[in-house]
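So the structure is just underneath, and the comments pick up after that.
The values are calculated or read from the model by the stated rules, or taken from the named source; none is laboratory data. Owing to the predicted nature of the structure, the values given are computational and were not obtained by experimental measurement. Using ideal geometry, Cβ is built from the backbone for each residue, glycine included, and neighbour counts are taken over all protein chains shown. For accessibility, only protein heavy atoms count, side chains too; no ligands or nucleic acids. Shrake-Rupley method; radii C 1.70, N 1.55, O 1.52, S 1.80 Å.
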Amino acid sequence: IFMLYSILCIRTNTILFKSNFMRFSTLNESKLHKTLKKIYSEIYDGKTEIELYGYIYDIVTENKNIIEIQTKNLAKLLPKILDTIEKGHNIKIVHPIVIKKSIEMHSSNGTIISMRKSPKTGSIYDIFWELTGIYSVLLNKHFSLEIVEIDMIEERIMTEKPVQSKNGKRRFKKDWIKSDKRLDKIIDTRHFDEKKDFLDLLPKNLPQEFCAKDIKNKLKENKLSSRILNNANLIIWVFNKMELIEYTTTKNRFRYYKLR
C-alpha cells in the first residue's frame with residue numbers, strides 16, 4: 001500500500017508539474033510566437049493549444065498531425081518530439097530565423113522613443129546552431145522542419161538605471177531590457193523533409209573530398225558575415241552526425257569528408 005501511495009504521489013506531482021509548466025509556457029509566449037501560431041493554424045486548419053499525452057501542442061490538425069512553433073532552443077523540444085513520434089503522430093517544427101532586425105525602444109509608460117535597424121544580419125546557416133540538439137530526428141520519416149526567414153522587431157524598455165538581462169547573461173549591465181519580439185515580415189520559407197533538403201545547404205562546386213575550410217571559402221563568395229562563416233565546422237559536425245557525409249582522411253591537420 002505504501003509503495004502504491006508513493007507511486008501515485010510521484011505521478012500526481014509529475015502531472016501537476018507538467019500542467020503548471022504548460023500554463024507558464026503559454027503565458028510567456030512572445031508576440032512573434034503567437035503570430036506564427038495563428039498563421040500556421042489557418043494554413044493547416046488546425047486547432048491551437050491542444051492537450052495530448054500530458055503536453056500542450058501549439059497546433060493539432062484534423063488528421064492529428066502536430067505543428068510546434070519554436071523560436072529558439074530546439075533541443076528542449078527533443079523529448080516532446082520523440083514522445084509524439086512514438087505515439088504515432090507526424091510532427092512539424094516551425095522555426096523562424098531572423099534575417100534583419102529592427103530595435104524599437106520604449107519608455108517605461110510604453111511610449112516609443114526610437115526605432116533603428118540592427119547592423120546584425122542572419123542567414124539560413126544560422127540553423128546549424130539549433131540542429132546540434134535535434135540531429136537524431138532530422139531524417140525521421142515522421143518529422144519535418146520548416147524554417148521561416150523573417151524580419152523581426154525587437155521591443156525594448158528603457159530602465160532608470162543599468163540592469164542585468166532576464167537570462168542573466170549580460171557581461172555588463174545596460175539601461176534597457178528586452179520586453180518582446182514581433183513579426184515584421186516573412187521573407188521566405190524552406191522545408192527540410194529529406195536528405196536532399198539538407199545537402200542543398202552545402203555550397204556548390206565543392207571538391208569531391210572537402211573540409212570545413214573549403215566550405216568556409218565557398219560561403220565567402222556569398223558575402224556572409226564572419227559569424228556565419230565560422231559555422232563551417234558546425235556544418236561538418238551536424239552532417240557527419242546525420243551520416244550524410246563520411247570521414248576520408250586528414251591532410252595538413254584538416255579532416256576531409258565526402259558525401260555518403
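At-a-glance table
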{"item": "Scope region 71-91; condition open to solvent by less than 40 Å² (accessible area, probe 1.4 Å) and under 28 Å from Glu155 (Cα atoms); matching residues", "result": "Thr71, Leu74, Leu77"}
{"item": "Conditions (1) modelled with pLDDT of 95 or more; (2) under 17 Å from Phe128 (Cα atoms); number of the one not met by Phe210", "result": "(2)"}
{"item": "Options Ile91, Ile112; residue that is of a type in the set (A, V, I, L, M, F, W, C) and over 21 Å from the mean Cα position of the chain (by Cα)", "result": "Ile112"}
{"item": "Every residue from region 182-209 that is within 20 Å of Met242 (Cβ to Cβ), crowded, with 16+ Cβ neighbours inside 10 Å and in contact (Cβ under 8 Å) with a residue 40 or more places away in the chain", "result": "Phe192, Lys195, Phe198, Leu201"}
{"item": "Any chance Tyr135 is open to solvent by less than 50 Å² (accessible area, probe 1.4 Å) and among the hydroxyl-bearing types (Ser, Thr, Tyr)", "result": "no"}
{"item": "Qualifying residue in region 100-122 (condition: charged (D, E, K, R), at pLDDT below 95 and open to solvent by less than 70 Å² (accessible area, probe 1.4 Å))", "result": "no"}
{"item": "All positions within region 237-246 that are surrounded by fewer than 21 Cβ atoms within 10 Å (Cβ to Cβ), aliphatic (A, V, I, L, M) and under 19 Å from the mean Cα position of the chain (by Cα)", "result": "Met242"}
{"item": "Per-region count, region 163-198, residues basic (Lys, Arg) and part of a strand (DSSP E or B)", "result": "6"}
{"item": "Of all residues making up region 71-122, the number that are within 22 Å of Ser41 (Cα to Cα) and small (Gly, Ala, Ser)", "result": "1"}
{"item": "Residue identified as touching a Ser or Thr at 6+ places or on another chain (Cβ under 8 Å) and more than 30 Å from Pro203 (Cα to Cα) among Ile93, Ile113", "result": "Ile113"}
{"item": "Residue selected from region 6-56 under the condition outside any helix (DSSP H, G or I) and open to solvent by 70 Å² or more (accessible area, probe 1.4 Å), by the criterion modelled with the lowest pLDDT", "result": "Asn28"}
{"item": "Which listed residue is touching an Asp or Glu at 6+ places or on another chain (Cβ under 9 Å) and among the small types (Gly, Ala, Ser), from Ser165, Ser114, Ser136", "result": "Ser114"}
{"item": "Hits in region 209-260 - residues which are in a loop (DSSP other than H, G, I, E, B) and touching an Asp or Glu at 6+ places or on another chain (Cβ under 8 Å)", "result": "Asn231, Arg260"}
{"item": "Every residue from region 89-120 that is more than 17 Å from Asp151 (Cβ to Cβ) and touching a residue at least 60 places away in the same chain (Cβ under 8 Å)", "result": "Met105, His106"}
{"item": "Only one of Glu130, Glu160, Glu149 that is part of a strand (DSSP E or B) and crowded, with 16+ Cβ neighbours inside 10 Å", "result": "Glu149"}
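Conditions tested, residue by residue: (1) within 13 Å of Ile97 (Cα to Cα); (2) not charged (D, E, K, R).
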| residue | (1), (2) |
| --- | --- |
| Phe128 | yes, yes |
| Ile157 | no, yes |
| Lys185 | yes, no |
| Asp200 | no, no |
| Gln208 | no, yes |
